[in-house]
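The next block holds one structure in the form of structure tokens; read it before the comments.
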Amino acid sequence: MKSLINGVCGRFKRIIPNVITVHCVAHRLALGVKCLKQDEDFVGVNTVVHRIISFLTGSGNRLNFLEKNEIEMLELDLRLIKPHDIRWLSHFSVLRRLLELYPAIIQTLIDIGYFLLEILIKLGK
């Protein structure tokens with residue numbers, strides 16, 4: 001609590017007038033993230049990210065497509081990370097991982113489209 005009157009810092013300043021107070025880095029980060037979550041651009045990007053991750057992780061088959069493309073295209077075996085509101089830094093990790101997997105994600109979406117098209121063609125016969 002940093003209030004200069006009734007907070008801890010205010011009480012210290014009454015006893016030691018020359019004390020220098022600094023707001024906790026974690027709390028400053030929390031306040032920044034709180035403001036960021038109200039930003040329209042952030043909300044838009046966050047919505048798209050949530051939809052991509054939900055779509056890909058919502059099915060074992062879709063995850064298998066992604067895993068296959070990761071190994072073939074990127075020679076990596078990474079996992080998608082789901083963002084958590086409680087863990088502020090998880091949003092950055094999620095975006096970084098999506099960028100690392102971007103080529104594999106695009107190819108996976110294309111593969112899923114072809115897969116669904118084949119099923120529709122078979123059902124049409």
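None of the figures in this text is laboratory data; all of them are computed from the coordinates on show. It should be emphasised that the depicted structure is a prediction, and the values quoted were computed from it without experimental measurement. Neighbour counts run over all protein chains shown; Cβ positions are idealised from the backbone, glycine included.
Spin-label model, Ala26/Glu75: points 7 Å from Cα along the beta carbon direction are separated by 4.1 nm.
The phi-based Karplus calculation (6.51 cos²θ - 1.76 cosθ + 1.60; θ = phi - 60°) puts the 3J(HN,Hα) values of segment 39-52 at 6, 4, 5, 4, 4, x, 5, 4, 5, 4, 4, 4, 5, 4 Hz, whole numbers, x for Gly and Pro. Relative contact order of the chain, taken over Cα pairs closer than 8 Å and 6 or more residues apart, is 16 percent.
Checking [x] 1.28; [y] 0.99; [z] 0.93 against the coordinates, the calculated Rg/Rh (Cα atoms, Kirkwood Rh) falls under label [x].
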